[in-house]
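Enquirer: First the structure, then my questions, so here it is.
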Amino acid sequence: MTPPPPGPRRGALRSIVSIASLALLPPAGATPATLSAAIAAFTGGVAPTEGGMRLEVPELVENGNSVPLRVSVDSPMTEAAHVRRIAVFNEKNPQPQVAVFRLGPRSGVARVGTRMRMADSQRIVAVAELSDGSFRQHAVDVIVTLAACIETEGGG
């Protein structure tokens, strides 16, 4: 005697298990190519120039759980000449665009700050869009060190 074919509940259960297992997979790792693609998407393909802005982030980070960063752009912040947007990107985040800040002439100064998580050493890039349609960028390579307490096999 042959067993009966699997019922609809068994098929549904297999589908649920398949979907759940996909959710548990780690996200695909970012690469320098995905970083470049994210910057190109932000700038509309316009190549940013170096200079005229500053990304302040520690180059050596002991704990990547909360890394402070500040971005400032040289701009008079007038109606005729101001910073429209500042974006922060990182190299190894599954989503390379970390944050986008929108500014205007009433902002007074082109300076923003935030904190971000970093699990590994990587390149951080800040890109600013100016009111004339040009873009500037500044990049910093950040080293994330191991935590002070590392568990060993001997428990010590």
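Enquirer: Which residues among segment 44-65 fall inside the zone where the amide N is under 17 Å from a point 7 Å beyond the Cα of Val100, along Cα→Cβ?
Expert: Under 17 Å, as judged by backbone N against the label point of Val100, lie 44-48 of segment 44-65.
Enquirer: Quickly work out the Glu79-to-Thr31 label distance, labels modelled 7 Å from Cα along the C-beta direction, and quote it in nm with one decimal.
Expert: 4.9 nm
Enquirer: Measure off, as a whole percent, the carbon and sulfur share of the 1.4 Å-probe accessible area of segment 29-144, all protein chains present.
Expert: Carbon with sulfur: 48 percent of the solvent-accessible area.
Enquirer: With all distinct Cα pairs included, what does the Kirkwood hydrodynamic radius of segment 29-144 come out to in Å, to one decimal, could you say? Mind showing how you got there, number by number?
Expert: Values: mean 1/r = 0.0702 Å⁻¹.
One decimal place: 14.3 Å for the Kirkwood radius.
The values are calculated or read from the model by the stated rules, or taken from the named source; none is laboratory data. Bear in mind the structure is a predicted one, so any value in this text is a computation, not a measurement. Positions of Cβ are generated from backbone atoms using ideal geometry, with glycine treated the same way; all protein chains shown enter the neighbour counts. SASA here: full protein model, heavy atoms, side chains in, ligands and nucleic acids out. Shrake-Rupley method; radii C 1.70, N 1.55, O 1.52, S 1.80 Å.
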